[in-house]
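The values are calculated or read from the model by the stated rules, or taken from the named source; none is laboratory data. Computed from a predicted model, the values in this text were never measured in an experiment. Every residue, glycine as well, gets a Cβ built from its backbone with ideal geometry; the counts of neighbours run over all protein chains shown.
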Amino acid sequence: MAGRGPSRAALLAAALAALIILAGLLVACAVIFPILIVDQAAGGTGTSVLTGVERLNAENGVRSALLQALAGLLALGGVAAGAAITLRQVRVNREGHTIGLFTKAIDHLSSEQVSVRHGGIYALELLAELDPRYRGHIHALLTAFIRQHAPWPPASPATGADTERARLHGGLPDDVGGAMAALSRRSMIEEGAWSELENVDLRHAELDGLDLSRTCFVGSSLEGASLAKADLTGTTLSNTVLRDANLSGADLRGAELTGADLTGVITDSATKWPTRLSVPLIESGSTNDKSSDDDQRA
């Protein structure tokens, strides 16, 4: 099959060629080279300088030296071949170990226990740092995990979902919060890639200081979420609920806010807005008076 390495016939042909070359070298070292070297040393005549016994001894000495040198080269070749085989085996074992870790981490994501899913998320993040080939896959897995476990609108009845969310530390289940934190560290996000988090429920989530740039939150709810000093540059927030969200110090330059609900958002002088967003649009959502010189509700 193409792409699976050399065929058996090619390997046999290479081995046969190597044997022929080795046999040629042996013959040359045992017969041809000693005569040529002794003739050269004797001045090129091979008759006038050395007697028969001297010539035979000289050829035997040259022959012995050449064969020893050939044996040394073959030994070095054997060491090099052994090292190459060992290195290949190490790579194969490492690849098998990596695949095993990846598979096990995915199994953890499907567990019924939040703590096990949380551990699987951190295992995937670690794997993304160890092997860059898995980064794209892990990025897609984590965004799909968040969309599945925190959908908007919520799958459970509104009253029950709100009551359960109020008991959560940080406003999110540990596994979803862990996935958001892992994405913000960006070890699994390739250059220029987007995080697809459309229609997710991040109400009242504590996302302060997270790097959420180049994330698509279309149709999601971040009502009451704390995004203080968060990096939201280039983020798509079209038709996103940001009602009462804390955007103090957040950077929204380049963000898309078409149709976003900005009613009651908390901002301050450090909040950076997209250049194309007009001030009247921000102020039109104001439902509260300014609470301080630093914070204002737009």
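For this structure, a couple of remarks:
- Within this structure, Asn239 fails the test of being modelled with pLDDT of 95 or more, over 26 Å from Ala193 (Cβ atoms) and in the same structural domain as Gly209 (by TED's automatic domain parsing).
- Members of the stretch 150-187 found to be among the acidic types (Asp, Glu) and at pLDDT 65 or above, listed by number: Asp174, Asp175
- Applying the set (1) surrounded by fewer than 20 Cβ atoms within 10 Å (Cβ to Cβ); (2) closer than 24 Å to Leu124 by Cβ to Gly264 leaves exactly one unmet item: (2).
- Residues of the stretch 102-116 that turn out to be surrounded by 14 or more Cβ atoms within 10 Å (Cβ to Cβ) and either β-branched (Val, Ile, Thr) or at pLDDT 95 or above (or both), as a count: 3
- Remark: pairs (first residue in the stretch 191-213, touching a residue at least 12 places away in the same chain (Cβ under 8 Å) and among the aliphatic types (A, V, I, L, M); second residue part of a strand (DSSP E or B) and surrounded by 19 or more Cβ atoms within 10 Å (Cβ to Cβ); Cβ separation under 6 Å; 6+ apart in sequence or on different chains) = Leu197/Thr215.
For (1) outside the structural domain of Leu172 (by TED's automatic domain parsing); (2) in a helix (DSSP H, G or I); (3) under 21 Å from Ser184 (Cα atoms), each residue gets a yes or a no:
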site	(1), (2), (3)
Leu70	yes, yes, no
Gly82	yes, yes, no
Phe102	no, yes, yes
Ile106	no, yes, yes
Glu112	no, no, no
Leu124	no, yes, yes
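- The set of residues from the stretch 126-154 being part of a helix (DSSP H, G or I) and not hydrophobic (A, V, I, L, M, F, W, C) comprises Glu129, Pro132, Arg133, Tyr134, Arg135, Gly136, His137, His139, Thr143, Arg147, Gln148, His149.
- Meets criteria (within 30 Å of Asp131 (Cβ to Cβ) and touching a residue at least 40 places away in the same chain (Cβ under 8 Å)) for Ala225: no
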